[in-house]
């Protein structure tokens with residue numbers, strides 16, 4: 001579990017998280033379900049070269065979904081995931097669009 005590539009799955013780039021990044025210096029990531037806050041902090045600091053003040057985590061259960069098709073009703077479930085909101089120190093920032 002020590003590999004940072006396995007801890008941070010992808011950044012959350014939504015309108016709400018972009019606004020929080022601009023206003024409050026908070027950035028969101030989808031992370032591994034087994035990762036704890038210390039591992040998330042170390043992974044973000046190592047990958048982006050910033051100082052992390054705090055980490056807040058949330059676990060989401062997968063939602064039930066159903067589709068109406070010609071063959072009948074198909075029921076399924078979305079994947080569950082863990083989200084981390086990372087607050088950076090004053091003056092630090094992460095630019096997700098720099099490597100596009």
> What is the extension gain from residue 81 to residue 24, computed as 0.36 nm multiplied by their sequence separation minus the C-alpha to C-alpha distance, in nm to one decimal?
Replying inline: 18.1 nm
> How high is the relative contact order of the chain, in percent, counting Cα pairs under 8 Å that sit 6 or more residues apart?
Replying inline: 30
> Once both labels are modelled 7 Å past Cα along the beta-carbon direction, what's the residue 34-residue 96 spacing in nm?
Replying inline: 2.6
> Computed from the mean reciprocal separation of all distinct C-alpha pairs, what Kirkwood hydrodynamic radius does the range 4-88 have, in Å?
Replying inline: 14.3
> With each pseudo-label sitting 7 Å past Cα toward Cβ, what's the residue 9-residue 53 distance in nm, one decimal?
Replying inline: 2.8
>> Order these by the 10 Å Cβ neighbour count, fewest first: 81, 29.
In response: 81, 29
> For the residue pair residue 69 and residue 89, what label-to-label distance in nm results when each label sits 7 Å from Cα along the Cα-to-beta-carbon direction?
Replying inline: 5.3
>> Test of understanding: what is the full-extension gain from residue 60 to residue 46, defined as 0.36 nm times their sequence separation minus their Cα-Cα distance?
In response: 2.5 nm
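Rule-based calculations on the coordinates, nothing more; no lab input. Owing to the predicted nature of the structure, the values given are computational and were not obtained by experimental measurement. Positions of Cβ are backbone-derived with ideal geometry, glycine not excepted, and every protein chain shown enters the neighbour counts.
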